[in-house]
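Worksheet: the structure to be examined is printed underneath.
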Amino acid sequence: NTEYAIRKILASGAMPLVLGGDHFLTYPVLKAYAKKFGPLSLIHFDAHSDLWPDDDYDRIDHGTMFYKAVKSGLVDPKRSVQIGIRTTTEDYLGVNVITAREVHEKGTAWAVAKAKDIVGHASTYVTFDIDALDPAFAPGTGTPVWGGLASWQAAACLRDLAGINMVGGDIVEVSPPYDTTGATAIAGAHVAYELICLYHWARTQR
């Protein structure tokens, strides 16, 4: 299964870069990471918090997996931050939130500085839902929401996060059937490349 496969990769000393696909897959990945690193800091780019309450642990979906990750101790909410959010959730479970509007109005430098202050030097997993981008830049996804990040804002945020202790990451929710121009796949590929660079930076600066 996914958790077992990720554990084997981590045991080898490598970092798995996970590509998706439904965002729920981050949950078994986090389970594998938490076994090695303990509770993780999470930097989560998304339009949605994915913190909808669901205490049935026999099922998982792309709107509830971070609720379960926080509740089961895989993620430390106080050291975690969501960037690009533009939908509402009743209870963020202590996870810090930087809305898309705040990024637009206060700037990427402000958002990155706040995110770095939150995660500090903790082992950090970066998960990027492609719908963090505005549909104008990434239409090929299942739950697009207007008002999102522009491509340049996402690029600036990812590049300026250099220096965090990134231990893993993923890019998810790219849906080829909806990606009629190929723009979403291009954006996803660029995010993947930036995640590889963040991981490499963390290793070379030690």
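The values are calculated or read from the model by the stated rules, or taken from the named source; none is laboratory data. Predicted model only: the values in this text are computed from it and were never measured. Heads up, the Cβs are rebuilt from the backbone with ideal geometry, glycines too, and the neighbour counts pull from every protein chain shown. Side chains included, ligands, DNA and RNA excluded: accessible areas come from the protein's heavy atoms. Shrake-Rupley method; radii C 1.70, N 1.55, O 1.52, S 1.80 Å.
Ignoring ligands, DNA and RNA, what percent of the accessible area of the chain is carbon or sulfur (1.4 Å)? Roughly 58 percent of what the probe reaches on the chain is carbon or sulfur. Farthest towards the positive end of the charge dipole of the chain, among the residues I60, Y92, I9, is the Cα of I9, using unit charges on the Cβ of Lys, Arg, Asp and Glu. Considering only E173, E90, E102, the mean-square fluctuation computed in a Gaussian network model of the chain, springs between alpha carbons under 10 angstrom, is largest for E90. In the Gaussian network model of the chain, springs joining C-alpha atoms below 10 Å, which of G140, G20, G182 carries the largest mean-square fluctuation? The residue with the greatest mean-square fluctuation here is G182.
Placing +1 on the Cβ of every Lys and Arg and -1 on the Cβ of every Asp and Glu, with no other charges, gives the chain a dipole of roughly 980 debye about its Cα centre.
The structure-derived value of Rg and Dmax of the Cα atoms in Å appears in the list [x] 15.5, 43; [y] 20.1, 69; [z] 17.6, 52 under the label [x].
Rounded to the nearest 500, the 222 nm mean residue ellipticity of the chain from helices alone is -12000 deg cm²/dmol, with -39,500 (n - 2.57) taken per DSSP H run of at least 4 residues.
Which residue fluctuates the most in the chain, going by a Gaussian network model with Cα springs under 10 Å, if the choices are Y92, Y57, Y33? Comparing Y92, Y57, Y33 in the GNM, the peak value goes to Y57. Normalised by the number of residues in the chain, the mean separation of alpha-carbon contacts (under 8 Å, six or more apart) gives a relative contact order of 22 percent.
Based on the Cβ-Cβ distance from K106 to A11, what FRET efficiency comes out when R0 is 35 Å, to the nearest 0.05? With a Förster radius of 35 Å, E is 0.30.
The alpha carbons of segment 131-200 occupy a box of 35, 21, 17 Å along the principal axes, longest dimension given first. A convex hull fitted around the alpha carbon atoms of segment 100-164 yields 84 Å³ per residue. Here, P(r) means the percent of Cα pairs in each 10 Å bin from 0 to the largest distance; for segment 1-98 it is 16, 50, 30, 4, 0.
Legend: helices of the chain (whole DSSP H runs) are marked when their alpha-carbon atoms reach 30 angstrom or more along the helix axis and their mean Kyte-Doolittle hydropathy is at least 0.0; marked are 183-204. Think of a 1.4 Å ball rolled over the protein heavy atoms: the chain then has 46 Å² of accessible area per residue. For K78, the lysines whose Cα falls under 18 Å of its own Cα, not counting residues fewer than eight places away in the same chain, are K68, K114, K116. A Förster radius of 22 Å combined with the Cβ-Cβ distance from H200 to A155 puts the calculated FRET efficiency at roughly 0.85. Sorting the segments 7-14, 106-113 by their residues' average number of neighbouring beta-carbon atoms within 10 angstrom, most packed first, yields 106-113, 7-14.
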